[in-house]
């Protein structure tokens, strides 16, 4: 007679998911964890703006969990649990890395420590969630069967714009570039941004891109996806510049120029999200 040792089925799965989430958090947030401007935001950023950022991030993470989920019975509770799990992993990963880098040290106030971790946790949580779908063991057929909706695709574009824009919005270069540009530069950059978005998804045949049928004119996809996607990227850019205080003291013209500058990488992030996710 043989006996078998029972292993609790949830423990390996939890550790596996936690490991994947930590890996995703590191891959997506390590450049920002090692960026001085992100460390300084704990001193310069208003607490209420940080609270707004976190308040916006929570429903975004819940929505992302729902959109990238492949389970037929996924509901709001499941998506919320995944989102808060990702936030917890992101905070833990950020705290560990910042401590190892000496950014967090004994003697710092609780507000400063919490601020540095909270800022880094937003992109890290996005990475932790994406790791569940992109680094997991779901097969390609299951991912292909995931229902795609127009609203879902626009939402993924918003996530991509937020993530890539988050990398650059805190930097001084966004404002410096906007001062160097003329109105003609801005017009050209808008045109290039839109062309790059459209080309990434529909023209150059990247894996994961979309093909237009012969009956569909090119301008149809431009009006339905590319232009709304660029508008979303521009709004996300304005939000990030405002959250990080980059619009403070600027006139309307300079704010528009700064948005155009940041909307360029944000638009690329939006297009890449449609390809990857």
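Values quoted throughout were computed directly from the atomic coordinates according to the rules given, and no laboratory measurement underlies them. Every value quoted in this text rests on a predicted model; they were computed, and no experiment measured them. Virtual Cβ from ideal backbone geometry, glycine too; neighbours counted across all protein chains shown.
If you count, for each residue, the other Cβ atoms within 10 Å and average over each peptide, how do 175-182, 164-171 line up from highest to lowest? Display every interim value, and only then the final one.
Details: 175-182: 14.8, 164-171: 22.8.
Going from most to least packed, we get 164-171, 175-182.
Work out the FRET efficiency for residue 18 and residue 78 from their Cβ-Cβ distance, taking R0 = 25 Å, and round it to the nearest 0.05.
Values: r = 17 Å, r/R0 = 0.68.
Step by step, r from the Cβ atoms, then E = 0.90.
When ranked by the protection proxy of mean other Cβ atoms within 10 Å per residue, highest first, what sequence do the peptides 92-103, 257-268 form?
On the way: 92-103: 17.1, 257-268: 25.2.
Result, highest mean Cβ count within 10 Å first: 257-268, 92-103.
How far apart, in nanometres, would the label points at residue 101 and residue 184 be if each is projected 7 angstrom from Cα along the Cα-to-Cβ direction?
Distance between label points: 4.1 nm.
Under the 0.36 nm per residue contour assumption, what length would be gained going from the current alpha-carbon distance of residue 52 and residue 227 to full extension? Numbers along the way, then the final one.
Details: separation 175, 0.36 × 175 = 63.00 nm, distance 2.70 nm.
Contour length minus the Cα-Cα distance gives 60.3 nm.
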